[in-house]
Amino acid sequence: MKLKLLIFTLFVFIFAVRATCTVTVSVSEGSKDNPVYIYYDGTAFDDIPYTDYTSDEWYYEIDGVNASSSYYIDLYNLNGDVDLEVFTDADFTNQVCNGTNSGTNTESCLATASGTSLFIRVVYMGNSSGADYSIDVY
């Protein structure tokens, strides 16, 4: 009987650990407190695809930009209606530009950096959770 109880307890523990891992995946595209970090090396990068069907907001930090320089931020290859918001602070309070196109039209805005990072929030505007999109910075 003790062996059965031990095996059952071990199974419950393993299942609980798996469930915890699944929950942490739900913020894989960043949160306000822990945005996805993307390093910008001074050359244009594009086609960074992101998919997350577990949230309505996704957060990114683009590091490596130059203060007082301007950068275009695009969201494209959209399969859902999302809005783009770009901030100069990690608290996501100092918004410097936004794109609010409807449907699957490319979202774009021109942001001037005040430091070495820009912060992006993508907001899903559809009726159900999730969207696919790619990010371009140049």
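The values are calculated or read from the model by the stated rules, or taken from the named source; none is laboratory data. As the structure is a prediction and not an experimental result, all values here were calculated from the model. As a convention, Cβ positions derive from the backbone with ideal geometry for all residues, glycine included, and neighbour counts pool all protein chains shown.
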Checking Gly80 against (1) in a strand (DSSP E or B); (2) more than 17 Å from Pro35 (Cα to Cα), the condition it does not meet: (1)
Selection from the range 105-129 of residues that are buried (at least 17 other Cβ atoms within 10 Å of the Cβ) and either touching a helix residue (DSSP H, G or I) at 6+ places or on another chain (Cβ under 6 Å) or in a loop (DSSP other than H, G, I, E, B) (or both): Ala113
Checklist (1) in a strand (DSSP E or B); (2) touching a residue at least 60 places away in the same chain (Cβ under 8 Å); (3) under 17 Å from the mean Cα position of the chain (by Cα) applied to Phe92, failing item: (1)
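Here is a list: Tyr133, Tyr59, Tyr138. Which entry is touching a Lys or Arg at 6+ places or on another chain (Cβ under 6 Å), closer than 21 Å to Tyr39 by Cβ and in contact (Cβ under 8 Å) with a residue 24 or more places away in the chain? Show your work before the answer.
On the way: Tyr133 fails: touching a Lys or Arg at 6+ places or on another chain (Cβ under 6 Å); Tyr138 fails: touching a Lys or Arg at 6+ places or on another chain (Cβ under 6 Å).
One residue alone meets the criteria, Tyr59.
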Scope the range 63-77; condition within 14 Å of Leu110 (Cα to Cα) and either under 16 Å from the mean Cα position of the chain (by Cα) or not in a loop (DSSP other than H, G, I, E, B) (or both); matching residues: Ser70, Tyr71, Tyr72, Ile73, Asp74, Leu75
Top-ranked residue in the range 76-95 [being modelled with pLDDT of 90 or more and surrounded by 19 or more Cβ atoms within 10 Å (Cβ to Cβ); ranked as farthest from Asp132 (Cα to Cα)]: Thr88
